[in-house]
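Worksheet: the structure to be examined is printed underneath.
The values are calculated or read from the model by the stated rules, or taken from the named source; none is laboratory data. It should be emphasised that the depicted structure is a prediction, and the values quoted were computed from it without experimental measurement. No Cβ is skipped: glycine too gets one built from the backbone with ideal geometry, and neighbour counts run over all protein chains shown.
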């Protein structure tokens, strides 16, 4: 919980540590269980690829996520839309 009493929102980030390419970034609102299930699915999907990492992150919103975890996002590349 944030110091101001707000519940965090959860995000799951999956990326290739070799290429620094983001494979997926999903937002789950306040649904911790859904975020954990997504994290588990991502880890299962890439279980045979040791160059893929996945993390469950918490923040107030997307801008807060990027600010709180700036060191992580700094070196990552998002795919072109």
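Below are the figures for this structure:
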{"item": "Pair list, Cβ under 7 Å, 6 or more apart: region 66-81 residue in contact (Cβ under 8 Å) with a residue 60 or more places away in the chain, other residue surrounded by 10 or more Cβ atoms within 10 Å (Cβ to Cβ) and part of a loop (DSSP other than H, G, I, E, B)", "result": "76/20"}
{"item": "Unique residue being touching a strand residue (DSSP E or B) at 6+ places or on another chain (Cβ under 6 Å) and closer than 17 Å to residue 77 by Cβ when the list is 18, 14, 38", "result": "14"}
{"item": "Residue within region 42-52 that is touching a strand residue (DSSP E or B) at 6+ places or on another chain (Cβ under 8 Å), modelled with pLDDT of 95 or more, part of a strand (DSSP E or B) and within 19 Å of residue 78 (Cα to Cα) present", "result": "yes"}
{"item": "Condition met for residue 55 (part of a strand (DSSP E or B), touching a strand residue (DSSP E or B) at 6+ places or on another chain (Cβ under 6 Å), surrounded by 11 or more Cβ atoms within 10 Å (Cβ to Cβ) and at pLDDT 95 or above)", "result": "yes"}
{"item": "Subset tally (residues that are more than 21 Å from residue 19 (Cα to Cα), buried (at least 16 other Cβ atoms within 10 Å of the Cβ) and out of contact with any strand residue (DSSP E or B) (no Cβ under 7 Å at 6 or more places or on another chain)) for region 58-79", "result": "0"}
{"item": "So residue 7, is it at pLDDT below 95 and at negative phi", "result": "yes"}
{"item": "Test: residue in region 37-44 that is surrounded by 14 or more Cβ atoms within 10 Å (Cβ to Cβ) and over 14 Å from the mean Cα position of the chain (by Cα)", "result": "no"}
